[in-house]
Amino acid sequence: MFEHVKGVVSAESGYTGGEAGTADYGTVSGGNTGHAESVRVVYDPAQVSYDQLLDVFFAVAHDPTQLNRQGPDHGTQYRSAIWYTTPAQQQAAQQFIARLGKSGTLKQRIVTTVKPLGGFYPAEDYHQDYYFKHPDAAYIVYNDVPKVKALQRSFPKLWRDQPVRLVAATATH
């Protein structure tokens, strides 16, 4: 979904929160590694702000009130988390969560954690650009397509028709 946001340079699937030696799908999917399936979003702050990315994350990327679950997927590896790289990101994420919690928009408590990024481990190649590689897969049709449509509808000023794709992004760097 972040690939359709103007100003996003790349969105790479991966694992965060555990050790390098356990950062593979087969191991992470067991739910005992400490990892969360995650996305590393690289962006141009001249085009999109961190707060705008937080807005997209909380509004359409997932349900921040689901503990250890995102859609049909469940386990600690699907927990809602933000991994910051600077104190400013930490503060912005915590303030955003506090404002959202007080707004009354959500009927349940926000369970999203905010933690320092210890390491990001890219997922296997077959996980990258999965949405584009498997557009007719049931998982994509029922879980991801509605999120992409919600992004376009809810954030028209941030929407871009031509998504940035990881393969294209890494080929130019």
Within the range 116-132, how many residues are of a type outside the set (F, W, Y) and surrounded by 14 or more Cβ atoms within 10 Å (Cβ to Cβ)?
7
Looking at V48, V41, V28, which one is touching a residue at least 24 places away in the same chain (Cβ under 8 Å), among the β-branched types (V, I, T) and over 26 Å from K157 (Cα atoms)?
V28
Scanning the range 27-61 for residues that are part of a helix (DSSP H, G or I), out of contact with any strand residue (DSSP E or B) (no Cβ under 7 Å at 6 or more places or on another chain) and not aromatic (F, W, Y) gives T27, D51, Q52, L54, D55, A59, V60, A61
Assuming Q89 fulfils every condition listed in (1) of a type outside the set (D, E); (2) in contact (Cβ under 8 Å) with a residue 40 or more places away in the chain; (3) buried (at least 16 other Cβ atoms within 10 Å of the Cβ); (4) over 19 Å from E37 (Cβ atoms) apart from one, which condition is it?
(2)
In the range 83-116, what residues are of a type in the set (S, T, N, Q) and either assigned to a helix (DSSP H, G or I) or over 16 Å from the mean Cα position of the chain (by Cα) (or both)?
T86, Q89, Q90, Q91, Q94, Q95, S103, T105, Q108
All but one of (1) more than 25 Å from P163 (Cβ to Cβ); (2) under 16 Å from the mean Cα position of the chain (by Cα); (3) part of a helix (DSSP H, G or I) hold for Q66; state the number of the condition that does not hold.
(3)
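Conditions tested, residue by residue: (1) hydroxyl-bearing (S, T, Y); (2) surrounded by 20 or more Cβ atoms within 10 Å (Cβ to Cβ); (3) at pLDDT below 95; (4) farther than 16 Å from K147 by Cα.
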| position | (1), (2), (3), (4) |
| --- | --- |
| G7 | no, no, no, yes |
| G14 | no, yes, no, yes |
| A36 | no, yes, no, yes |
| P45 | no, no, no, yes |
| P64 | no, yes, no, no |
| T76 | yes, no, no, yes |
Return a yes/no flag: does the range 137-160 have any residue that is in a helix (DSSP H, G or I), among the aromatic types (F, W, Y) and out of contact with any Leu (no Cβ under 9 Å at 6 or more places or on another chain).
yes
When you look at Y126, is it in contact (Cβ under 8 Å) with a residue 40 or more places away in the chain, outside any loop (DSSP other than H, G, I, E, B) and of a type in the set (S, T, Y), yes or no?
no
Index of the failed condition, Y84 passing every other in (1) in contact with a strand residue (DSSP E or B) (Cβ under 9 Å, 6 or more places away or on another chain); (2) surrounded by 19 or more Cβ atoms within 10 Å (Cβ to Cβ):
(2)
Residue satisfying condition, being surrounded by 14 or more Cβ atoms within 10 Å (Cβ to Cβ) and at pLDDT below 95, within set V111, V164:
V164
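The values are calculated or read from the model by the stated rules, or taken from the named source; none is laboratory data. For clarity, every value in this text was computed on a predicted model and none was experimentally measured. Virtual Cβ from ideal backbone geometry, glycine too; neighbours counted across all protein chains shown.
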